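Worksheet: the structure to be examined is printed underneath.
The values are calculated or read from the model by the stated rules, or taken from the named source; none is laboratory data. These numbers were taken from a predicted model, which means no experiment stands behind them. For neighbour counting, all protein chains shown are included, and Cβ atoms are generated from backbone atoms with ideal geometry for every residue, glycine included.
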Amino acid sequence: MKTNNLFVTKARIKTLVGAFLAFTLVASGTPAIAIYGGTPATNNPIVVGLLNSQSATLAGCSGALVAPRIVMTASHCLTRPAENIWISAPGTDLRETNTLRIQGEKYFIPANFSMTSFPYQNDFGIIILKSPFPNTQTLEIASLVQVNTWMSEESSVIHVGYGCTALVESPPCRVTSPTPYQLTTVFSKEVPNQFDSLLRGTFSATKISVDKTICGGDSGSPVLKEVSGKLIYVGSQSSSNGAGCTKTCNIVCVATQGLPSANVELVESAFRYVAAVTASPTPTQAAVTPAAKKSTIICIKGKLTKKISNVSPKCPAGYKKKSSAS
């Protein structure tokens, strides 16, 4: 996948600047972790790793930096307090722990998200960061109409994430990759019955195979669509019904992604939160007026003299100011 020009102009929040961080389900119901059959995507300016500490060298989930302080990912990845998640700089080698990592501050999770059954309904989440990543633009987000059109056309699409890169006999896969990988596949207009419980219009589906697949660690990873030389954010990896780094796929194997376009109000709330914090006035110190300087004069009355010190000294009644010449 091409990795240049990944950031595109800011879209209206109605078209969503969000990502659906999703998880990969293999045939046995085990979450998948990474991309297999892809190509290196180091320096990709969108994909980030979700770390359990500032010094971690592997990620349990992936995400997308869609704005300087906003990461989109799957809600099932957000089981720890926000302050316990650190976000790596996009596209970095996680073994290089001297790279910038920013702590989470707050989550935005849909009210109807649930982990009681699999696949998870509306598995979409937003992480607000405590500070912004520098030199980060805001991604354009696909509308629901665009996603439905691309699925019906089975148009090309790109996965990118920090996941396992080797096949296993059965899930889960082994160690996730410290560097991101990407693969190009197509949307699927066919949605297998394993996903009948998901509400239509809340997810997209992409084709995977034994040769090219998402794996464990790719949960929440971005799915991108290239249009006229720019990449548009579609959603984030959530689940699959097979081929998740295993050596067999005896059915129509697809991966599903949560859609930010299905969570417009939630995304708007996240952006309003960031805007309000950014716009909060910084306390300023009141200007201090320097104290007026006092001066001293000598007042005389016959043989009597008095020194008067004040900002504007005046001689008392019956006294006159002694001239400097006298």
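Quick one: how many residues across the stretch 175-193 are surrounded by 14 or more Cβ atoms within 10 Å (Cβ to Cβ) and over 19 Å from Val252 (Cα atoms)?
The qualifying residues number 7.
Collect the residues in the stretch 194-217 that are under 11 Å from Cys249 (Cα atoms) and among the aliphatic types (A, V, I, L, M), keeping them in residue-number order.
Within the stretch 194-217, Ile208, Val210 meet the criteria.
Exactly one condition in (1) outside any loop (DSSP other than H, G, I, E, B); (2) in contact (Cβ under 8 Å) with a residue 24 or more places away in the chain is false for Pro134; which is it?
Failing condition for Pro134: (1).
Looking at (1) among the hydroxyl-bearing types (Ser, Thr, Tyr); (2) closer than 15 Å to Thr165 by Cβ; (3) modelled with pLDDT of 90 or more, which is the only condition Thr202 fails?
The number of the failed condition is (2).
Determine whether Thr256 is in a strand (DSSP E or B), closer than 30 Å to Leu198 by Cα and at pLDDT 80 or above. Give the steps one after another, and end with the answer.
On the way: in a strand (DSSP E or B): yes; closer than 30 Å to Leu198 by Cα: yes; at pLDDT 80 or above: yes.
In short, yes.
Just checking: which of the strands (runs of 3 or more DSSP E) contained wholly in the stretch 62-127 hold 3 or more residues that are touching a residue at least 60 places away in the same chain (Cβ under 8 Å), crowded, with 24+ Cβ neighbours inside 10 Å and assigned by TED's automatic domain parsing to the domain that holds Glu268?
70-73
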